[in-house]
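Beneath this line is the structure, given in structure tokens, with notes to follow.
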Amino acid sequence: GRLPWASEVFNGQAPDVPNMIMLQHAATPAQKQRWLEPLLEGRIRSAFGMTEPDVASSDAPNIPKSLRRDGGEWVVNGRKWYITGGAHPDSAFVIVMGVSRPEASRTGRHSCVIVPMETSGLKVVRELRFLGWEDSIAPIAELEFRDVRVPLENLLGEEGEGFAAAPVRLGPARLPHGLRA
């Protein structure tokens, strides 16, 4: 755990392991085949997009980023930053948390969608450092979403359950950090 690259040798790096847990918990069989299996095999990498620059994202219900339905697609708009793995060249997708039900209760507004990194309108704005740390295993990024469109079947879990689904991955994400330290 003292070597920054050690977790990658065993495919146990953040954010991939927590994303594997979230996909195992909430993904459809088709999503598991397309995203979870290659992630488990170490053929692709991933990211999780929750934190936003304009709000206190440590209080997750504050996240205002828009997810809206338009016909058979989700349309994603907004910015995310300090996204672990977002700048990795092998990152194939980002799980994005955003507001899909603005009229719902504070903890029932958010949903999560899987957005392939090559989707039109998704831009890696820049690579970021965290407390001076430049992460070569899961490079941290600022991401911009401008009318990013993904099929409705990219919804992870049920609409409005994103706030409940995110802790499924966040708990196991924190434990390995402590163990490595």
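The values are calculated or read from the model by the stated rules, or taken from the named source; none is laboratory data. As the structure is a computational prediction, the values presented were derived from the model and not from experiment. All Cβ positions, glycine included, derive from the backbone under ideal geometry; neighbour counts span all protein chains shown. To get the accessible areas, we keep the full protein, side chains included, count just its heavy atoms, and leave off ligands, DNA and RNA. Shrake-Rupley method; radii C 1.70, N 1.55, O 1.52, S 1.80 Å.
Using beta carbons and a limit of 8 Å, which pairs, at least six apart or on different chains, have the first residue in the range 160-181 and over 14 Å from ILE95 (Cα atoms) and the second one open to solvent by less than 80 Å² (accessible area, probe 1.4 Å) and modelled with pLDDT under 75?
These pairs meet every condition: LEU179/GLY1; ARG180/GLY1; ALA181/GLY1.
When ALA27 is evaluated against the numbered criteria (1) within 15 Å of LEU170 (Cα to Cα); (2) touching a residue at least 60 places away in the same chain (Cβ under 8 Å), which criterion, by number, is the only one it fails?
(1)
List pairs: first residue in the range 41-55 and closer than 18 Å to MET22 by Cα, second residue polar (S, T, N, Q) and part of a loop (DSSP other than H, G, I, E, B) anywhere in the structure, Cβ distance under 9 angstrom, at least six positions apart or on different chains.
That search, which allows pairs on different chains as well, returns GLU41/ASN11; GLY42/ASN11; ARG45/GLN13; ALA47/THR84; PHE48/THR84; MET50/SER57; THR51/SER57; THR51/SER58.
Which condition from (1) at pLDDT 90 or above; (2) farther than 15 Å from GLY78 by Cα; (3) touching a helix residue (DSSP H, G or I) at 6+ places or on another chain (Cβ under 7 Å); (4) not hydrophobic (A, V, I, L, M, F, W, C) is the one that GLY160 breaks?
Of everything listed in (1) at pLDDT 90 or above; (2) farther than 15 Å from GLY78 by Cα; (3) touching a helix residue (DSSP H, G or I) at 6+ places or on another chain (Cβ under 7 Å); (4) not hydrophobic (A, V, I, L, M, F, W, C), GLY160 misses just condition (3).
For the range 134-177, which positions are assigned to a strand (DSSP E or B) and either of a type in the set (Val, Ile, Thr) or farther than 17 Å from ALA47 by Cβ (or both)? Steps first, please.
Within the range 134-177, the subset assigned to a strand (DSSP E or B) is 140-151, 155-156.
Residues satisfying the conditions are ILE140, ARG146, ASP147, VAL148, ARG149, VAL150, PRO151, LEU155.
Contact list please: Cβ distance under 6 Å, first residue in the range 137-157 and of a type in the set (D, E, K, R), second residue not in a strand (DSSP E or B), pairs at least six apart or on different chains.
ARG146/GLY121; ASP147/GLY121
Just give me the residues in the range 136-179 being among the β-branched types (Val, Ile, Thr), buried (at least 20 other Cβ atoms within 10 Å of the Cβ) and within 18 Å of TYR82 (Cα to Cα), in sequence order. Give the derivation first.
Start the filter on the range 136-179 by keeping residues that are among the β-branched types (Val, Ile, Thr), which leaves 137, 140, 148, 150, 168.
With the extra rule that they be buried (at least 20 other Cβ atoms within 10 Å of the Cβ), the set shrinks to 140, 148, 150.
Listed by number, the list holds a single entry, ILE140.
Based on what the data block shows, is VAL75 out of contact with any Pro (no Cβ under 9 Å at 6 or more places or on another chain) and touching a residue at least 12 places away in the same chain (Cβ under 8 Å)?
Numbers: out of contact with any Pro (no Cβ under 9 Å at 6 or more places or on another chain): yes; touching a residue at least 12 places away in the same chain (Cβ under 8 Å): yes.
For VAL75, the condition - out of contact with any Pro (no Cβ under 9 Å at 6 or more places or on another chain) and touching a residue at least 12 places away in the same chain (Cβ under 8 Å) - is met.
For the range 39-54, which positions are under 21 Å from VAL168 (Cβ atoms) and charged (D, E, K, R)? Outline the logic, then answer.
So the first thing to find is which residues in the range 39-54 are under 21 Å from VAL168 (Cβ atoms), and the list is 39-40, 44-52.
The answer is ARG45, GLU52.
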